[in-house]
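Have a look at the structure below before the remarks.
What follows draws every value from the coordinates through simple rules; no lab data is involved. What you are looking at is a predicted structure, and each value in this text was computed from that prediction instead of being measured. Cβ coordinates were reconstructed from backbone atoms using ideal geometry, including for glycine residues, and neighbour counts include every protein chain displayed.
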Amino acid sequence: MDKTTATADSTDAVTVSLKYTKAGTGVSGANVAWTSTGGTLSTESSVTGTAGGATVKLTSDSENVVTVSATVDGITRKTDGITFTTPPGG
């Protein structure tokens, strides 16, 4: 993740990244299914790039704590909580 907190204004995004490897080498072309416990993801699925990397952006319009999960080849990994806070003056 590029940060663990963001403003709940539907524009302040948190970028979540993964790197999928086998035997220490990035795997390209693997399908990634993204889910979250809240907020809005920029996509529900993506494909790993040449180095095995994939990213998704998360926004929210309400104050909450959200986790993002990525599933590749039946393996799921989850982020720590991402906190969305009320915008100043909101």
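For region 32-76, the Kirkwood hydrodynamic radius comes to 11.3 Å, computed from all pairs of different C-alpha atoms.
Here Lys78 is the anchor, and the aspartates and glutamates within straight C-alpha reach of less than 17 Å, apart from those fewer than 8 places off in the same chain, are Asp2, Glu44.
Can you sort Lys22, Lys57 by how many other beta carbons sit within 10 Å, fewest first?
Fewest to most other Cβ atoms nearby, the residues stand as Lys22, Lys57.
Note on the chain: Rg/Rh from Cα positions, Kirkwood definition for Rh, rounded to two decimals, is 1.03.
Legend: ranking of residues Thr37, Thr7 from fewest to most surrounding C-beta atoms inside 10 Å; resulting order Thr37, Thr7.
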